[in-house]
1. Working only within segment 102-123, note down all residues that are among the aliphatic types (A, V, I, L, M) and surrounded by fewer than 23 Cβ atoms within 10 Å (Cβ to Cβ).
2. Just one of (1) under 26 Å from Ala24 (Cα atoms); (2) in contact (Cβ under 8 Å) with a residue 60 or more places away in the chain; (3) small (Gly, Ala, Ser) trips up Gly154, so point out which.
3. Restricting to segment 201-218, name every residue that is free of Cβ contacts under 8 Å to residues at least 40 places away in the same chain and aliphatic (A, V, I, L, M).
4. Quick one: in segment 258-286, of everything that is without any contact (Cβ under 8 Å) to a residue 40 or more places away in the chain and not in a loop (DSSP other than H, G, I, E, B), which residue is farthest from Leu205 (Cα to Cα)?
5. Regarding segment 119-132, can at least one residue be identified that is among the hydroxyl-bearing types (Ser, Thr, Tyr) and over 17 Å from the mean Cα position of the chain (by Cα)?
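Just so it is clear, none of the values below were taken in a lab; they were calculated from the coordinates. These numbers were taken from a predicted model, which means no experiment stands behind them. Cβ placement follows ideal geometry from the backbone for every residue including glycine, while neighbour counts extend to all protein chains displayed.
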Amino acid sequence: MTAIKKIGVVGAGQMGRGIAQVAAFTGHEVLLFDVNEKSLNFGHDFIAKQLTRGVEKEKWDQSKADETLSAISKTMEMKDLADCDLIVEAATENKELKLMIFKQLDEVAKAEAILASNTSSISITEIAAATKRASQVCGMHFMNPVPVMKLVEGIKGLETSDETFQAVQACAEKMGKVFVKANDMPGFAVNRILMPMINEAVYALYEGVASVEDIDQAMKLGTNQPMGPLTLADFIGLDTCLAIMDVLHVGLGDTKYRPCPLLKQYVAAGRLGKKSGHGFYNYGEK
């Protein structure tokens with residue numbers, strides 16, 4: 001397996017742009033891809049602003065910011081990813097969409113390229129089966145916001161080779177991340193634990209146990225969490241939380257993973273959290 005020097009990132013949204021920024025900052029050449037020109041330009045501009053903000057806060061100097069930004073190219077043509085050593089998919093948490101993307105990536109990527117998914121809950125084995133290179137597919141689950149959070153959860157599918165997994169671990173560690181290994185089970189490790197806690201917090205609200213503010217305050221001060229579960233749900237996106245709970249519920253077949261009706265109702269109403277301007281808290285309608 002060749003050394004990972006050039007990284008392709010599929011999706012210029014919140015996760016994709018964060019992955020692109022960190023990869024470029026740690027010496028990789030990066031190609032950021034998105035099918036939506038507006039999203040692609042916004043993602044690239046957002047990275048530029050983050051780098052400028054870092055200079056202003058004296059986290060790094062202007063030359064480092066310039067070097068990082070110059071290492072990031074953007075494209076709306078998937079075929080341009082052909083010479084990447086590693087391609088990280090960071091699209092919406094939708095299984096059918098991810099399977100379609102991986103089929104397309106398998107066709108355009110060079111034979112030795114590794115394909116990784118930033119999925120937070122979907123089976124890596126199933127994603128890999130959509131390609132003809134299952135041994136070169138794995139999970140690379142970054143946490144949000146990527147430039148701040150130190151963890152990358154590595155998921156090895158049934159067919160993922162040791163060589164592929166070791167290459168991805170080395171790449172994550174070069175990016176300054178702590179790499180933990182999780183088995184390919186619904187939700188992996190992080191969301192297997194986190195999402196039921198968030199879902200239970202929504203149930204507590206739904207059943208009138210306490211208010212939004214008091215639930216969050218109780219968990220922050222009572223369990224020393226940096227933010228309350230409902231604030232965190234808004235930050236993650238309630239649609240993403242619901243999608244992960246659905247994967248847990250279907251994949252594990254246990255009623256304890258049943259998504260709270262209130263969570264479903266909020267998503268149906270378009271209250272998706274911070275990104276839509278309204279979730280459990282009101283951020284000003286977008």
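1. Here is the first cut: in segment 102-123, the ones among the aliphatic types (A, V, I, L, M) are 105, 108-109, 111, 113-116, 122.
Result: Val108, Ala111.
2. Condition (2) is where Gly154 drops out.
3. If we filter segment 201-218 for residues that are free of Cβ contacts under 8 Å to residues at least 40 places away in the same chain, which is where we start, we get 201, 204, 207-211, 213-218.
Once the filter is applied, which keeps residues that are free of Cβ contacts under 8 Å to residues at least 40 places away in the same chain and aliphatic (A, V, I, L, M), segment 201-218 yields Ala201, Ala204, Val209, Ala210, Ile215, Ala218.
4. Ser276
5. Within segment 119-132, the first condition is being among the hydroxyl-bearing types (Ser, Thr, Tyr), and the residues that meet it are 119-121, 123, 125, 131.
Add one more test, that the residue is over 17 Å from the mean Cα position of the chain (by Cα), and what stays is 125, 131.
For segment 119-132, residues among the hydroxyl-bearing types (Ser, Thr, Tyr) and over 17 Å from the mean Cα position of the chain (by Cα): present.
Per-residue answers, yes or no, for (1) of a type in the set (D, E, K, R); (2) buried (at least 24 other Cβ atoms within 10 Å of the Cβ); (3) more than 21 Å from Thr240 (Cα to Cα); (4) free of Cβ contacts under 8 Å to residues at least 40 places away in the same chain:
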residue	(1), (2), (3), (4)
Ala12	no, yes, no, no
Ile19	no, yes, no, no
Lys38	yes, no, yes, yes
Asn41	no, no, yes, yes
His44	no, no, yes, yes
Gln50	no, no, yes, no
Lys59	yes, no, yes, yes
Asp80	yes, no, yes, no
Glu96	yes, no, no, yes
